[in-house]
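One structure is given below, encoded as structure tokens.
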Amino acid sequence: MDAHPASFVGVDLGIVNIATTSTGTRHGGRRLNRRREADRTLRAKLQRKGTKSARRRAKKHAGKEARRARDINHKISKHIVAEAQRTGRGIALEDLGGIRERARLRKPQRVTLHSWSFHQLGAFIAYKAKRAGVPLVHVDPAYTSQECSQCHHTDRRNRPSQARFACQVCGFVEHADLNSSHNIAARGWWTWVRGAESQAPALTLIA
């Protein structure tokens, strides 16, 4: 694709949806989370049993979980990169360094966040983007969930619930994950523009 993308696809990583893109695609959802909750319940039950047979079953089940997560991450990353390549865009991905600390979550959500392989998903996206020649940048995800993607007013009250974004200033209403992904896309573009003159080759991929 063109070394200078027209814009960026922003990717928001989250709890209810593993990944939401600024083009409106949501990956994951409630069915997957229910399956993961059932996996955790079974694993905890086997661990409490503590027998040799239970430990063997727990290990086998953990392997199945890991393979399923890997397969899902491969499918999500393939879809995101293919969409960016098809539309001549780059990909703006959250800097994963602070993903586990950035949100105040209830305990079940913290367990969900820690149990998903976001770093693996990021690595898959980066690898596939490099292979497809799609520029990729990482951006700071701080306050993307509180910032209005239309007027850029940032306020905790803009996020009245997990799924809903409602700007206190301009009145813009959007699905919260989609609003965040638009902010990530915009930050990706500005990251690219600020470094394009002297660092365009280096910014082709920041892995």
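Please treat every number below as a calculation from the coordinates, not as lab data. If you're wondering where the values come from, they're calculated on a predicted model, not measured in any experiment.
In table form, for the structure just shown:
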{"item": "Sequence-distant aspartates and glutamates (8 or more away, or on other chains) whose Cα lies within less than 18 Å of Lys130", "result": "Asp2, Glu83, Glu94, Asp95"}
{"item": "Those lysines that a straight Cα-Cα span of less than 24 Å connects to Lys52, excepting residues fewer than 8 apart in one chain", "result": "Lys60, Lys64"}
